[in-house]
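Enquirer: Structure in structure tokens, see below.
The values are calculated or read from the model by the stated rules, or taken from the named source; none is laboratory data. Since the structure is predicted, the reported quantities are computational estimates derived from the model, not experimental observations. For neighbour counting, all protein chains shown are included, and Cβ atoms are generated from backbone atoms with ideal geometry for every residue, glycine included.
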Amino acid sequence: MIRNIQRKLKKSRGFTLVELMIVVAIVGILAALAIYGVRKYMANAKSAEARNSLGQIAKDAASAYNREHMAAAVLAPEGTAGVSNKLCASAAAKVPDVKAKIKGQKYQSSATEWDNGDKDTGWACLKFSMSQPQYYMYGYSAASGEVTTFNATAEGDLDGDDALSTFTLAGAVQQQVVTISPTIDEVKPEE
């Protein structure tokens, strides 16, 4: 009878210290990998704001180009007015205006920041605005020359270390059509 009890005790014996240490080490490694993965996932989710907004700015630039920009003068009988297509001129200021406002935090822009410009210039011409808090500082610039081009930019500092991540989407007028770059140029997208 005592031998049966001793056999049962040997069979129901617990884990050794080495086995427990191995399990703790495996759990620690998995936790470290999970933290890295979640951090990368969060940075990618935040940078999606920049990608989406730049795509919208580029679409707005193309729409603005396709609007007719004719003089508002009265035409003489049998007179004509040529259709004039042009890109919006550069926005005078980025929104927000300084990078300290987006350093490791979100910024809530005001409607007046997006009203900057007029029917032919800046954000008012593009008819682009953001009503939700933003991680990025947005800019728009256009250049005329042999080829008329524009750049939409988003700069952010997600981790607050003063190193900016920069996203740029370019476009150009080619044969009276606005062509947008098929990809966004990304520099340090997870900063």
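Enquirer: Looking at the stretch 131-145, I want the residues that are in a loop (DSSP other than H, G, I, E, B) and have a partner that is exposed (fewer than 13 other Cβ atoms within 10 Å of the Cβ) with Cβ atoms under 7 Å, at least 6 apart or on another chain. Which pairs are those?
Expert: Note: pairs meeting the criteria are Pro133/Gln108.
Enquirer: Would you mind finding the one in Val23, Val27, Val38 that is more than 18 Å from Lys188 (Cβ to Cβ), in a helix (DSSP H, G or I) and modelled with pLDDT under 90?
Expert: Step by step, each of Val23, Val27, Val38 is checked, and only Val38 is more than 18 Å from Lys188 (Cβ to Cβ), in a helix (DSSP H, G or I) and modelled with pLDDT under 90.
Enquirer: Look at the stretch 100-130 and say how many of its residues are hydroxyl-bearing (Ser, Thr, Tyr), part of a strand (DSSP E or B) and under 19 Å from the mean Cα position of the chain (by Cα).
Expert: 1
Enquirer: Would you pick out the residues in the stretch 134-191 that are among the aliphatic types (A, V, I, L, M) and under 19 Å from Arg39 (Cα atoms)?
Expert: Leu158, Ala163, Leu164, Val187
Enquirer: Is it fair to say Phe150 is outside any strand (DSSP E or B), in contact (Cβ under 8 Å) with a residue 40 or more places away in the chain and out of contact with any Ser or Thr (no Cβ under 6 Å at 6 or more places or on another chain)?
Expert: So Phe150 does not fit the description; no.
Enquirer: Can I ask one more? In the stretch 32-69, what count of residues is obtained for those that are among the charged types (D, E, K, R) and in contact with a Lys or Arg (Cβ under 8 Å, 6 or more places away or on another chain)?
Expert: 1
Enquirer: Further question on the same structure: Would you be able to tell me the number of residues in the stretch 76-108 that are more than 14 Å from Ala152 (Cβ to Cβ), out of contact with any helix residue (DSSP H, G or I) (no Cβ under 9 Å at 6 or more places or on another chain) and surrounded by 14 or more Cβ atoms within 10 Å (Cβ to Cβ)?
Expert: Total meeting the criteria: 4.
Enquirer: Name the single residue, out of those in the stretch 160-181 being within 22 Å of Lys101 (Cβ to Cβ) and small (Gly, Ala, Ser), that is nearest to the chain's Cα centre (by Cα).
Expert: So, considering only residues that are within 22 Å of Lys101 (Cβ to Cβ) and small (Gly, Ala, Ser), the one nearest to the chain's Cα centre (by Cα) is Ser165.
Enquirer: Could you please find all residues in the stretch 52-106 being among the basic types (Lys, Arg) and under 21 Å from Gln175 (Cβ atoms)?
Expert: Lys59, Arg67, Lys86
Enquirer: Quick one: in the stretch 153-183, of everything that is part of a strand (DSSP E or B) and among the acidic types (Asp, Glu), which residue is farthest from Met42 (Cα to Cα)?
Expert: Once the filter is applied, the top-ranked residue is Glu155.
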